[in-house]
Amino acid sequence: MAIAGPSGVDAAIATGIDLDGSPIPAAMISLYAEVMDLESQRARSGVTKSMRNRIVKTGSKHFDQNILDARLKAAGWDGLKPKEIAFFYS
């Protein structure tokens, strides 16, 4: 199964089939669904904060620390925080 991006992962979860073609255990799908349902009910503090969080989480997989820090600042957000650096780059 060729999957790319978050929507592709969501599609695989919905079918219950992992990227290698093996079935995803029902208990894993159940826990995932429960947590995502709880998350969908959580109050949000702001879209730009959520955007930044997603950029840091995903951007750390694609950019080195200095580039991501510079890109965040250039876009108008605060640069990487020490706890983000420790978590994503250590």
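The values are calculated or read from the model by the stated rules, or taken from the named source; none is laboratory data. A quick note: this is a predicted structure, and the numbers were derived from the prediction, not measured. Backbone-built Cβ (ideal geometry, glycine too); neighbour counts: all protein chains shown.
Worth a mention:
- The residue of region 33-74 that is nearest to ILE85 (Cα to Cα), among those that are of a type in the set (Ser, Thr, Tyr) and either in contact (Cβ under 8 Å) with a residue 12 or more places away in the chain or surrounded by 10 or more Cβ atoms within 10 Å (Cβ to Cβ) (or both), is SER60.
- Count - residues of region 2-32 that are surrounded by 11 or more Cβ atoms within 10 Å (Cβ to Cβ) and closer than 22 Å to THR58 by Cα: 10
- Residue count, region 38-70 (criterion: among the acidic types (Asp, Glu) and modelled with pLDDT under 95): 1
- One residue from ARG54, ARG44 being of a type outside the set (Val, Ile, Thr) and in a helix (DSSP H, G or I): ARG54
- Residues of region 1-32 that are of a type in the set (Asp, Glu) and outside any loop (DSSP other than H, G, I, E, B): ASP10 alone.
- Looking only at region 75-90, and only at residues there that are in contact (Cβ under 8 Å) with a residue 24 or more places away in the chain and part of a helix (DSSP H, G or I), the one that is nearest to GLY5 (Cα to Cα): PHE88
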